[in-house]
Amino acid sequence: MIQDHPPLTVLLAAPRGFCAGVERAIRAVEDALDQTGKPVYVRHEIVHNNRVVDDLKRKGAVFVDDIAEIPDGAVAIFSAHGVSRAVEREAAGRGLSVLDATCPLVRRVHLEGQRHAKAGREVIVIGHRGHVEIEGTTGQIDGNVHVIESVEEALNVPVLNPERIAYITQTTLSVDDTREIIAALKSRFPAILGPDVKTICYATQNRQMAVRVIARRAERIIVCGARNSSNTNRLCEVAMGEGRQALLLQDPKDLTLSFIDGAAVIGLTAGASAPEDLVQEALARLAQWRRLTVEEVTVTREDAQFAPVDLSRLVNQLANAS
């Protein structure tokens, strides 16, 4: 019974949840479904969240892992994580009608890497091997490209010319961990060029900062998001780095009474690809067990907006082909 348990204060991190790039990508799929009148296929998850993907599936979107799975004449959408040039060429060669929903901040990283490669520099990409964003980024850059994940790898990555190298970063990394890796690179390669942590996206940085702030008071922290979401996992790591137990909540059922047992104050946040519905469901589950006082802790306000993905060329292309 609720009466048998002490009240619980929930510190609700702000900002949390969807960022502008995620909102833009989701809207691109919804607009394509509304405006093209064609089957819409999305290469990879549009964003890393099963709830978002399932909702778009119900609306008619089809998600595939490979361009080869998309039938001729269909609309192909590239996810917010971006794709390699090889994928772009394959889609063009198949004559697919393409809508590119790559996040503008991911595209900025691509352009940074391409600029260094054109200048004759080897490019070191700081990020997680196998992550779809890293696969897209490395596939956008010509020449010698190295992916590293740790300080140890920074100290051992082989390069041809230490005077002609640069680095870029995945957009969803831990700010603190990335700074350590960059420091290791700079100590080894004084001539290396790079953006510090500026290409880690604003939403990733803001959500990590919010976790640090609520961790000063919260005894444990709940992070809403998908297990395959890089930025969500980084939030859990930040919480644990602050000495707080963290729970990655993909489904409300992941939250059990034992997690809050003995706690008077907990923190609650969400990764940049997690919908607010999941946060509210977590609060409702907590309210089944404890009397809640919910306090929103705002560390900064986000006003970033991206122009919607332009469908006009795609719609005209489909109209002329029919």
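If you take all other residues with their beta carbon under 12 Å from the beta carbon of Val279, and give Lys and Arg +1 and Asp and Glu -1, the sum is -1. Working from label points 7 Å from Cα in the Cα-to-Cβ sense, the Leu160 to Asn320 distance is 4.0 nm. Distance from the C-alpha centroid of segment 305-319 to that of segment 242-267: 42 Å, rounded to the whole angstrom. Size of segment 191-322: Rg and Dmax of its alpha carbons, in Å, are 19.0, 65.
Counting only residues at least eight positions apart within a chain, or on another chain, the aspartates and glutamates with an alpha carbon under 18 Å from that of Lys118 are Asp142, Glu163. Extension gain, Asn228 to His128, is 34.8 nm, computed as 0.36 nm per intervening residue step minus the present C-alpha separation. One chain, two ends: Lys253 and Glu302. Fully extended at 0.36 nm per residue, the span grows by 14.6 nm beyond their Cα-Cα distance.
A simple packing score, the average count of other Cβ atoms within 10 Å per residue, orders the peptides 6-12, 269-275, 130-136 as 269-275, 130-136, 6-12, with the highest score first.
A protection proxy built from the mean count of other Cβ atoms within 10 Å ranks the segments 229-236, 291-298, 98-105, 189-196, most packed first, as 229-236, 98-105, 189-196, 291-298.
Overall, the accessible surface of the chain at a probe of 1.4 angstrom is composed of carbon and sulfur to the extent of 47 percent.
Between Ala68 and Arg27, the simple label model (points 7 Å from Cα in the Cβ direction) yields a spacing of 3.6 nm.
Helix screen, the chain: DSSP H segments with Cα axial length of 15 Å or more and mean Kyte-Doolittle hydropathy at least -0.5 are 20-35, 175-188, 202-215, 230-241, 276-287. In the context of the full set of protein chains, the chain has a per residue accessible area of 45 Å² (1.4 Å probe).
Dividing the helix sum by the residues of the chain, where each DSSP H run of 4 or more adds -39500 (n - 2.57), gives a mean residue ellipticity at 222 nm of -12000 deg cm²/dmol. Near Lys38, which lysines are there with a Cα under 23 Å away, not counting those fewer than 8 places off in the same chain? By straight Cα distance, Lys38 reaches Lys57, Lys59. Normalised Debye scattering of the chain at q = 0.08, 0.09 Å⁻¹ gives log10 I(q)/I(0) of -0.42, -0.52, counting only Cα atoms as equal scatterers and leaving out solvent.
Applying the Kirkwood pairwise sum to the alpha-carbon positions of segment 65-178 produces a hydrodynamic radius of 15.0 angstrom. Working out 0.36 nm times the residue gap between Arg217 and Asp261, then minus their Cα-Cα distance, what length gain in nm do you get to one decimal? Length gained between Arg217 and Asp261: 14.2 nm. Beta bridges from DSSP with both residues in the chain: antiparallel share about 0 percent, rounded to the nearest 5.
The values are calculated or read from the model by the stated rules, or taken from the named source; none is laboratory data. Computed from a predicted structure; not experimentally measured. So basically every Cβ, Gly included, is an ideal-geometry build from the backbone, and we count neighbours across all protein chains shown. Heavy atoms of the whole protein, side chains included, go into the accessibility calculation; ligands, DNA and RNA do not. Shrake-Rupley method; radii C 1.70, N 1.55, O 1.52, S 1.80 Å.
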